[in-house]
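The numbers here are math on the coordinates, done by the rules we state, and not lab data. It should be emphasised that the depicted structure is a prediction, and the values quoted were computed from it without experimental measurement. No Cβ is skipped: glycine too gets one built from the backbone with ideal geometry, and neighbour counts run over all protein chains shown.
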Amino acid sequence: MNIHATTVTARSCGNQYPTRDPAPGPAAAETVSVPEPRRTAPLLGAVFVAAEKNMVREVRHFTSALLAFWGVAACDRESALLIVGELGANAAQHGGTELAVRLSLEGMTLRIDVRDGGAHSWARTACSTARPAGECGRGLTIVDHLADRLRITTSGEWYVVRADLSLTPPAPHGGR
């Protein structure tokens, strides 16, 4: 059995201009940043639950824990959790009996696949009963705004919504 330990560097959300600590004196050693090791295969995670509204919270907890374990920056985790929550709620409300969420991280791209079985079309789904203005119908718009790419596909009785999210690059060593 091979066991691999990895140290995850801190990431900075949106900080494209890292600051440097002032050198303590003329004899100070220069800091050399070492590139992060490249992953040879994507990181994968999946969860399968009943397509029920109360299970969406469990899917969000799974996603949060997995992304934190992978070292995804907090601001990127928030976007991913909003995407998973919206797509999971749609699947629970309009889908069949099973909800599957698959996460993959390859390079700096997080791919979120949410699959459900049901006789509906997420692209055309609207509120079926009268509700206060703004209470529904915005989920895919939110996801489309957060994701860099959004695609809805069908395969037999399954609907899959795929959202790709570009992650914030890690701060260089010595950055704040």
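Per-structure values
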item	result
Two-site FRET efficiency, Glu157 against Ala74, from Cβ-Cβ distance with R₀ of 45 Å, rounded to 0.05	0.75
Segment Asp148-Leu81, length gained on full extension (0.36 nm per residue, minus Cα span)	22.6 nm
Ordering of 75-83, 61-69 by packing [mean C-beta count within 10 Å, highest first]	75-83, 61-69
Distant-in-sequence amide H partners of Glu98 (H built 1.01 Å from N, under 5 Å)	Ala51, Gly117
Residues Arg138 and Glu106, FRET efficiency given R0 of 30 Å [Cβ-Cβ distance, rounded to 0.05]	0.55
Ordering of 103-111, 141-149 by burial proxy (mean other Cβ atoms within 10 Å per residue, highest first)	103-111, 141-149
